[in-house]
1. Identify, from the list Asp246, Asp258, the residue that is of a type in the set (Asp, Glu) and closer than 25 Å to Gly121 by Cα.
2. Please state which of the following conditions Phe313 fails to meet, knowing it meets all the rest: (1) under 15 Å from Trp235 (Cα atoms); (2) among the aromatic types (Phe, Trp, Tyr); (3) open to solvent by less than 50 Å² (accessible area, probe 1.4 Å).
3. Report whether or not Ala281 is touching a Gly at 6+ places or on another chain (Cβ under 6 Å), closer than 18 Å to Val326 by Cα, without any contact (Cβ under 8 Å) to a residue 40 or more places away in the chain and not in a loop (DSSP other than H, G, I, E, B).
4. Which members of region 322-339 meet the condition of being at pLDDT 90 or above, open to solvent by 10 Å² or more (accessible area, probe 1.4 Å) and either farther than 26 Å from Ala281 by Cα or assigned to a loop (DSSP other than H, G, I, E, B) (or both)?
5. Hey, could you check region 244-263 for residues that are in a loop (DSSP other than H, G, I, E, B) and of a type in the set (Ser, Thr, Tyr) and say which is most open to solvent (accessible area, probe 1.4 Å)?
6. Looking at Phe212 and the list (1) aromatic (Phe, Trp, Tyr); (2) at pLDDT 90 or above; (3) part of a loop (DSSP other than H, G, I, E, B), which single condition is not satisfied?
7. Does region 54-78 hold any residues that are closer than 18 Å to Leu44 by Cβ and open to solvent by 50 Å² or more (accessible area, probe 1.4 Å), and which are they?
8. Tell me, which residue of region 285-306 that is of a type in the set (Asp, Glu) and open to solvent by 10 Å² or more (accessible area, probe 1.4 Å) is nearest to Ala225 (Cα to Cα)?
Amino acid sequence: MCAAAHTDKSAGSAIGLAAGLASVYFERMQLGHPAMHLIQLSPLWRQQQWQGLLAIGAESQLQCLQDLLSEQPISATMPCFIPAQNSQWPALSVLPAAQLALDINQSEQLAALAPEVYACGAWYLNGSSAQTAPAKPELLELISLVAADAETATLERVFSRAPDLTFRLLRLVNSVGMRSRIEISSIRHAITVLGRTQLQRWVQLLMYAEQFGESSAMSPLLLAALIRARRLESWAQHGWLNTTPDSAFLLGMLSLLDRLFHKPMPELISNLPLNEKMMAALLKSEGVLGAALEQTKLMEAYWDDDSWAIRPFSAEAIWVKSEVEVYRWVASLAESFQS
């Protein structure tokens, strides 16, 4: 049964070597002192491909995760691992220390790993220096216009200046978003069927997808932006973050623009209709939104949860469900990109 419980955590600072970090986590698990009170799910990578999830948390949290995944896995192709030699939870696969490398924060580190090793770290946040498609000013303009609730005719004029974006957006919505329930045939049709909020999300998604050209796989940086956005949105939905879910999602999607376009954040967002709280969060990590955004970064770097701004100990089961729902949604999008 999923129940709230608190356990002491062993102290320990980050260790530079991946194998050393993995050993630390194994020792904590074996001693009954998990690395974190609240569960955290993190992407696992092999040869730059998203291959699974790593779960770290207290036993009560892992039991809750077991209950959720036994009812419905995150994905049929996305296993969830724990760093241990054996598991009392059938829905959680074991990942021996020899097959786990933590603190992988650069692509070069990832490339140097043996093929059978799973990597966990923030390497996928660095963007790409070899983008296959140039940045299009129309993308940021569209985000600004949709956020400002511009007239449909105005949006259509911007899309008309970049017909390839129209093609990509319609293809993206039809293949990923609608799952063949209805064929979207035009920008006006998309606005009518999807509504402004969903259209804004697809334009945000397109902004990342466009930078990597015709690749059928979801880019690592898009994955990172979606995890941030969906996490922040979920926190807002559960009342842990004092903003609207739509604003929280937008914050996550915008937070990696500098990595995407290789330009300073102030230059990229100066013309967007963002309120002062959103601007302060993106530029200075200030305020409630800034603290939440910083927490997503700490979670990407696998930092101790003592540093988190959002720690709902009175709703631990809901926290686990939130993490699972984040990755179910992102995994579903990733699979659609490959279909």
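1. Result of the check over Asp246, Asp258: Asp258.
2. (3)
3. no
4. Residue satisfying the conditions is Arg328 alone.
5. Applying the filter and picking the extreme gives Thr244.
6. Just one mismatch for Phe212, condition (2).
7. Within region 54-78, Pro73, Ala76, Thr77 qualify.
8. The extreme case among them is Glu300.
The values are calculated or read from the model by the stated rules, or taken from the named source; none is laboratory data. As the structure is a computational prediction, the values presented were derived from the model and not from experiment. All Cβ positions, even for glycine, are placed from backbone atoms using ideal geometry, and neighbour counts span all protein chains on display. We work out accessible area using only protein heavy atoms, side chains counted, and drop any ligands, DNA or RNA first. Shrake-Rupley method; radii C 1.70, N 1.55, O 1.52, S 1.80 Å.
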